[in-house]
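A short write-up of the structure that comes next.
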Amino acid sequence: MTYEELLGWFFYFEKRPVGWRDDDRTMKYLQTQGVKEKPWAVFSSLKPIYNEGKQSQKESNPTASLEGSSLFQKLMMSKHGDDVEWLK
C-alpha cells in the first residue's frame, strides 16, 4: 500500500467512522423513545455524518446566504451589478 493510499483511508475513516451505521440506527431508536438530543451529542461518530452536508454547502458557495436576500437582488439590478468581484 502506498503512502497516498494510506492517507486516503485515514481521510475516509474520518468522514465515515467505523460503526457509524450502528450508532445511527440506535439513535433513531432512541428518538422514537423520546430522546431530543442531537445525534452527534449522543454518539460522537455521527458528527462527521450529520455535519458533512452543512460544511460542503459553505465551502462550495460562501455567498449562498446572501443570494436569496433582497439586498443581493438590488445589487445585481444596479448599474454594473454583475461586475462585482467577490461573486466570481
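So here's what we get for this one:
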| read-out | value |
| --- | --- |
| Members of region 5-18 found to be surrounded by 11 or more Cβ atoms within 10 Å (Cβ to Cβ) and not in a helix (DSSP H, G or I), listed by number | R16, P17 |
| Residue within region 57-67 that is part of a loop (DSSP other than H, G, I, E, B), modelled with pLDDT under 85, hydrophobic (A, V, I, L, M, F, W, C) and touching a helix residue (DSSP H, G or I) at 6+ places or on another chain (Cβ under 9 Å) present | no |
| Verdict on S70 being modelled with pLDDT of 70 or more, more than 20 Å from the chain's Cα centre (by Cα) and among the polar types (S, T, N, Q) | yes |
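The values are calculated or read from the model by the stated rules, or taken from the named source; none is laboratory data. This structure is a prediction, so every number in the text was calculated from the model and none was measured. Note that each Cβ is placed from the backbone with ideal geometry, even for glycine, and that neighbours are counted across all protein chains shown.
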